[in-house]
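Scroll down for the structure; my scribbles are underneath it.
The values are calculated or read from the model by the stated rules, or taken from the named source; none is laboratory data. Predicted, not measured: the structure shown is a model, and the values here were computed from it. All Cβ positions, glycine included, derive from the backbone under ideal geometry; neighbour counts span all protein chains shown. Ligands, DNA and RNA are stripped out before the accessible areas are found, and what is left, the full protein with its side chains, is counted by its heavy atoms. Shrake-Rupley method; radii C 1.70, N 1.55, O 1.52, S 1.80 Å.
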Amino acid sequence: MFFVVVLTVLSLPFLWWYFFLQKFKSLSLIPGPRLLPIVGNAFDIGDSPTGLFNNCAKLLNQYGDVFKLFIGNECKVFIANADFLEEIMSSNVHIKKSKAYDSVKPFLNDGLLTSTGSKWKKRRKLITPTFHFKILDQFLEVFNSSTDILIAKLSSEVGKDWTDIYPYINLFSLDVICETAMGVKISSQEGKNSEYVQALFHYLDNTTVRGFSAWKRFDFLFKFAAEYPLHEKSLDTLQKFPTGLLEKRRLEKSQEVVENTSDIGMKRRVALLDLLLESEDLTNDDIKEEISTFMFAGHDTTTSAVTFALLALAENPEIQQTVHEEILAVVGDEKYVSMQHLQDTKYLEMVIKEVQRKYSVVPLVERQLEMDATICGIDFPRGATLSLYLYGVHHNEKYFPDPEKFDPDRFLSHRQSERHNYAFVPFSAGPRNCVGQKFAMLAMKVIIIKILKEFKIIQVPDHKPQLGMAAVLKSYNGVRIRLMRRDTDFNGPLRTVCVVVLFFEKVSIS
Ligand code: HEM
């Protein structure tokens, strides 16, 4: 009897494994690394942000643009193929996020990024107008003034052998997102609130790694992991932040005499937070989850995008030179970067797109199928995880030959129109696309324009970023550049020459 019990208990995991594999039998034609019993592919993916990044890229090379992994209790199908991405991203049905997003729920709760169904739809409808073009136009003021503070800070770095630009841009982004979306000035560039940045860094590293770990993904087992204490401390800091922000904004609003109307009689910008505060349907907790969501979704992403853009400009001096010439012709010596300037800097836009391709800031997003679905002729069972590998599609030779080469000309309009629409999706696409994408593009343009007007950016010899994915793509050995001040006298003949050069550039762009 005893042996029967022991045998039954020992065979349970194998039985579970057998039924688990049976469930995903229809995916048998999708390639993937060899499976070990019960643990599946747990050892194929790595347990650090850099390991994840390198292993995903390796698997893409080895198995092609659709491959599968069995990790923990999940079957993840990695997709770096534009036809599949189109079917999934454009669907109004496959909008549920995967189990991996559950591990950020203690921080984000059920905000716009993590929620689904009718809750998500209602919130998305409520929030979208706060990112309307007219409101973004008024945010330009903050983008400009925050960049001026950044430039003053960077001035002390001029002439040094190298500067890790990441912490500077990180605080800049935090200030910008708080002052625009939340309507609260937090002055982190001046040394306040920077513990939030540290907490976010640790928290995201741990949560991403948990999503790919066979055992750390389970809350009970994660308590035994070495990183658990720091994870909990970081979470506590992150949870307190929205409370402080909310109180500050409520106080400021109560003290405002003239509300919503600017000096010239126009409606003043309605920050996201004000809109949420005015909505009668939302509780305090509802508002806090959206504050955390927007802080998370807007801050780290913008930081990485800007730092990689500066790195790419340092590594490609001719491209930097062309961007600078365009800035001279469009912005000249004006201090304030306006919407018109941003619309006219077409080459810079191509450069930013190429940065987002080469350094896909959000390398991976995931959905979980709530029903059986046939996608590009393959039958996917309910419960399968679709790992939309944005970094992978952006490095897929089929769409971007010689993918490691930094080449903004890939985004010349005729070349873009020849490419699959879903081959370039840095902000995702379809109903669950990035609500802040215009915001991010404008912020990136302002900061790059102002930095390049002030400084020449030079590559640091032998510095190669060590890339890792922790929700957002980051460099784990910093992003080092050298800063030199530019000659600021651009009037007279030099400026004319630049305008002429730019004219020919523009002809070649359009
Ligand atoms: C370069 C900067 C940015 C990149 C590359 C980026 C990319 C993305 C991507 C790929 C998604 C889809 C995520 C998923 O499906 O899990 C997303 C969603 C989202 N992004 Fe961004 N983002 C950026 C900046 C911003 C900014 C500045 C904000 C806010 C101010 C923002 C707010 C959001 C929100 C709220 C969502 C969830 C939308 C929804 O599910 O309805 N993002 N972003």
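Out of region 287-303, which residues are closer than 15 Å to PHE439 by Cα and either at pLDDT 95 or above or near the ligand (Cβ under 8 Å from one of its atoms) (or both)?
PHE294, ALA297, GLY298, HIS299, THR301, THR302, THR303
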Looking at SER194, is it of a type in the set (S, T, N, Q) and either under 15 Å from HIS299 (Cα atoms) or within 14 Å of the ligand (Cβ to nearest atom) (or both)? yes
Considering region 365-397 alone, what residues qualify as being polar (S, T, N, Q), more than 12 Å from the ligand (Cβ to nearest atom) and buried (at least 20 other Cβ atoms within 10 Å of the Cβ)? THR385, ASN396
Regarding region 338-351, can at least one residue be identified that is among the acidic types (Asp, Glu), in contact (Cβ under 8 Å) with a residue 40 or more places away in the chain and open to solvent by less than 40 Å² (accessible area, probe 1.4 Å)? no
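Being open to solvent by 10 Å² or more (accessible area, probe 1.4 Å), without any contact (Cβ under 8 Å) to a residue 24 or more places away in the chain and either at positive phi or not polar (S, T, N, Q) (or both) is the requirement here; does ASP333 meet it?
Taking the combined requirement at face value, the residue does not satisfy it.
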Per the filter on region 271-281, residues surrounded by fewer than 17 Cβ atoms within 10 Å (Cβ to Cβ) and either touching a helix residue (DSSP H, G or I) at 6+ places or on another chain (Cβ under 7 Å) or closer than 24 Å to LEU136 by Cα (or both) are LEU277, GLU278, SER279
Over region 188-199, the set of residues open to solvent by 10 Å² or more (accessible area, probe 1.4 Å) and hydrophobic (A, V, I, L, M, F, W, C) is VAL197
Quick check on this structure: which one of PHE400, PHE411, PHE439 is among the aromatic types (Phe, Trp, Tyr), in contact with a His (Cβ under 9 Å, 6 or more places away or on another chain), at negative phi and buried (at least 19 other Cβ atoms within 10 Å of the Cβ)? PHE400
Single match in VAL362, VAL355 (criterion: within 15 Å of the ligand (Cβ to nearest atom), in a loop (DSSP other than H, G, I, E, B) and surrounded by 19 or more Cβ atoms within 10 Å (Cβ to Cβ)): VAL362
Answer with yes or no whether ILE481 is among the β-branched types (Val, Ile, Thr), more than 9 Å from the ligand (Cβ to nearest atom), farther than 19 Å from ASP161 by Cβ and modelled with pLDDT of 95 or more. no
Do the conditions hold for SER173, that is, is it under 30 Å from PHE70 (Cα atoms) and either among the acidic types (Asp, Glu) or within 13 Å of the ligand (Cβ to nearest atom) (or both)? no
Unique residue being open to solvent by less than 70 Å² (accessible area, probe 1.4 Å) and more than 22 Å from the chain's Cα centre (by Cα) when the list is ASN61, ASN81, ASN55, ASN41: ASN41
The lone exception for SER118 - which of (1) within 13 Å of the ligand (Cβ to nearest atom); (2) open to solvent by 20 Å² or more (accessible area, probe 1.4 Å); (3) hydroxyl-bearing (Ser, Thr, Tyr) it fails: (1)
Would you please name the residue that is nearest to the chain's Cα centre (by Cα), looking only at residues in region 98-115 that are farther than 21 Å from ASN41 by Cβ and open to solvent by 30 Å² or more (accessible area, probe 1.4 Å)? LEU113
Say whether the condition of being touching a Gly at 6+ places or on another chain (Cβ under 7 Å) and outside any helix (DSSP H, G or I) is met by at least one residue in region 279-302. no
Give me the residue from region 139-187 that is of a type in the set (Gly, Ala, Ser) and open to solvent by less than 10 Å² (accessible area, probe 1.4 Å) and, out of that set, nearest to THR307 (Cα to Cα). SER173
Exactly one of (1) within 11 Å of the ligand (Cβ to nearest atom); (2) surrounded by fewer than 21 Cβ atoms within 10 Å (Cβ to Cβ); (3) under 29 Å from LEU342 (Cα atoms) is unmet by ILE95. Its number? (3)
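Each row is one residue, and each column tells you yes or no for (1) closer than 23 Å to VAL479 by Cα; (2) within 15 Å of the ligand (Cβ to nearest atom); (3) of a type in the set (D, E, K, R).
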| site | (1), (2), (3) |
| --- | --- |
| HIS132 | no, yes, no |
| GLU141 | no, no, yes |
| LEU154 | yes, no, no |
| LYS160 | yes, no, yes |
| MET182 | no, yes, no |
Quick test for you: out of LYS450, LYS456, LYS445, pick the one residue that is of a type in the set (Lys, Arg) and either free of Cβ contacts under 8 Å to residues at least 12 places away in the same chain or within 16 Å of the ligand (Cβ to nearest atom) (or both). LYS445
Subset of region 38-65, residues in contact with a helix residue (DSSP H, G or I) (Cβ under 6 Å, 6 or more places away or on another chain) and free of Cβ contacts under 8 Å to residues at least 60 places away in the same chain, comes to ILE38
